[in-house]
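Right, one structure below, let's go through it.
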Amino acid sequence: MVWQKVVFTIAVAASVTAQNDVRVCVPKSFAPYCDSLQSLGSPVVCDGVESSDDCLTRLNREASDFGVFSDEDMVLMAHQQPDRNRVVASVRDVLRKDAYAFEAVAVVPASHTGGLEGLRGMKYCHPGLDDTEPSWSPRVQKTLERAAAKIDSCPDAEMEVQTLSSFFHSACRPGPWSDDDNVDADFKSRFSNLCALCGQNAKCSKYTIDMGPNINNVDNNNRHIQALECMRSNGNNSFAYVAWQHVRTYFNIRNPRIRASYSLLCEDGSLRPLTLEATISDVSPCSFVKQPWGAIVASSPRANRASSAIRSWWPWGSNPGGNTWQSVLYTALIGSFPNVVYFEDGLPTPGSYIQSGNFTSIDDSSSCI
């Protein structure tokens with residue numbers, strides 16, 4: 001399982017109110033947090049782990065009570081072990097009301113026909129394989145293009161780029177296409193049409209297109225906003241693959257006048273018009289990826305106890321503050337503002353937690369993600 005952000009597991013040996021050890025799996029770099037917990041009299045003891053896989057293994061063996069997993073970890077967990085363990089809380093952004101951490105959507109001209117096959121020969125605007133948008137993993141970044149161009153989930157790197165070069169007329173797909181710099185440069189030289197829309201002197205590493213004037217509440221440096229502007233500026237044969245939250249920003253704030261000229265392309269090939277009603281909704285009419293929020297997951301036999309523990313430590317789902325071990329633990333496991341904990345009353349399985357999401361394209365091998 002991919003090690004994203006920070007993954008922790010907590011092992012509770014007896015009652016949550018007892019002074020028995022509460023064991024937390026953390027990267028070795030988090031030793032300062034562990035020292036603070038001990039100095040403040042916390043029952044929590046740190047155990048170093050190498051990856052989120054290690055934490056999940058401990059849950060499965062009932063060696064640990066619960067752990068904090070990233071959104072991508074939750075997708076993989078639900079795909080590989082949908083009925084093991086229980087979700088006791090989600091970890092969200094308090095500033096956002098979205099049902100999902102993000103949704104990945106395809107924005108096409110309203111006149112588009114032919115579904116996914118109809119993307120053949122079009123101009124493709126992508127936020128980039130090095131985009132810093134949280135949790136846009138390689139799996140997410142490539143979901144649409146692999147579906148449209150019918151690329152295997154674990155393709156040879158050269159075959160993947162060659163297939164995309166043949167499928168699309170041109171594109172901006174910035175970022176590294178290979179971990180080897182020489183191979184990456186070779187690919188971008190031979191398949192340069194996939195860099196053609198990035199702008200002058202972009203070298204396929206970023207967008208350098210004219211973004212026009214700055215507009216309040218719109219970040220012109222955001223790769224998803226840039227991809228949408230790439231789509232607009234390249235005419236009616238262009239489309240973009242971006243996060244829904246940025247589609248809303250682009251068409252509600254930056255360019256509301258052109259909203260009716262575009263639609264969302266759905267997996268089944270149908271279109272959903274970008275009406276005002278659609279773009280003011282937190283949830284998209286259709287998407288290729290619905291990414292769940294990260295979560296606190298507990299071993300099934302200990303889920304009720306784990307849920308009671310975190311509710312007693314952080315009753316409002318936020319950092320309790322003060323010079324307390326509960327505050328230090330919250331910072332270590334959950335992070336800083338705007339992260340907040342939303343308790344799950346039903347304690348769903350990982351599979352149930354993301355049942356409305358799309359994770360059917362995941363290969364069981366983490367090397368393919």
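In this label model, residue 283 and residue 324 are separated by 3.5 nm, measuring between points 7 Å along each Cα→Cβ vector.
Near residue 299, within a Cβ-to-Cβ distance under 9 Å, what is the net charge of the other residues, with Lys and Arg +1 and Asp and Glu -1?
On the way: positive: 58, 61, 84, 86, 302; negative: 62, 65.
Local net charge: +3.
Entry note: segment 20-160 has Rg to Rh equal to 1.09, where both radii use alpha-carbon atoms and Rh is the Kirkwood radius.
So with the 1.4 Å probe, I'd like the accessible area per residue for segment 200-302, rounded to whole Å².
Working: 4550 Å² over 103 residues.
Ligands and nucleic acids excluded, the figure is 44 Å² per residue.
Label zone of residue 162 (point 7 Å out along Cα→Cβ, amide N under 15 Å): in segment 171-200 this covers 186-192.
Show me the ranking of peptides 186-195, 298-307, 234-243 by mean Cβ neighbours inside 10 Å, starting with the highest.
In descending order of packing, they fall as 234-243, 298-307, 186-195.
At the residue level, residue 122 shows approximately 10 square angstrom of accessible surface with a 1.4 angstrom probe and all protein chains present. Here the simple spin-label model places points 7 Å from the Cα toward Cβ, and for residue 233 and residue 193 these points are separated by 2.2 nm.
Beta bridges per DSSP, both residues in the chain: antiparallel share near 75 percent. With the whole protein complex present, residue 100 retains an accessible surface near 40 Å², based on a 1.4 Å probe. When you work out D = kT/(6 pi eta Rh) for segment 270-317 at 10 °C and 1.306 mPa s, using the Kirkwood radius from C-alpha pairs as Rh and the Stokes-Einstein form, the result is 110 µm²/s. Running Debye on the chain with equal point scatterers at the Cα sites and no solvent, what base-10 log of I(q)/I(0) appears at q = 0.14 Å⁻¹? Log10 I(q)/I(0), no solvent term: -1.13.
Diffusion of segment 77-231 by Stokes-Einstein, at 4 °C in a medium of 1.567 mPa s and with Rh set to the Kirkwood radius over alpha-carbon pairs, works out to 74 µm²/s. Report note on the peptides 46-56, 143-153: ranked by the mean count of other C-beta atoms within 10 Å, highest first, their order is 46-56, 143-153. Charge tally for residue 56 (other residues, Cβ to Cβ under 9 Å; Lys, Arg +1; Asp, Glu -1): -1.
The modelled label-to-label distance for the pair residue 205/residue 219, using points 7 Å beyond Cα in the direction of Cβ, is 2.1 nm. Computed over protein heavy atoms with a 1.4 angstrom probe, the accessible surface ordering of 337, 251, largest first, is 337, 251. Taking a quarter of the surface of the Cα convex hull of segment 49-129 gives a mean projected area of 9.0 nm². Rounded to the nearest 0.05, the FRET efficiency derived from the C-beta distance between residue 53 and residue 308 at R0 = 35 Å is 0.85. Over segment 226-335, the alpha carbon radius of gyration divided by the compact-protein estimate 2.2 N^0.38 Å works out to 1.60.
The values are calculated or read from the model by the stated rules, or taken from the named source; none is laboratory data. This structure is a prediction, so every number in the text was calculated from the model and none was measured. Glycine also receives a Cβ, built like all others from the backbone with ideal geometry; neighbour counts cover every protein chain displayed. Calculation scope for accessible area: heavy atoms of the full protein, side chains included, ligands and nucleic acids excluded. Shrake-Rupley method; radii C 1.70, N 1.55, O 1.52, S 1.80 Å.
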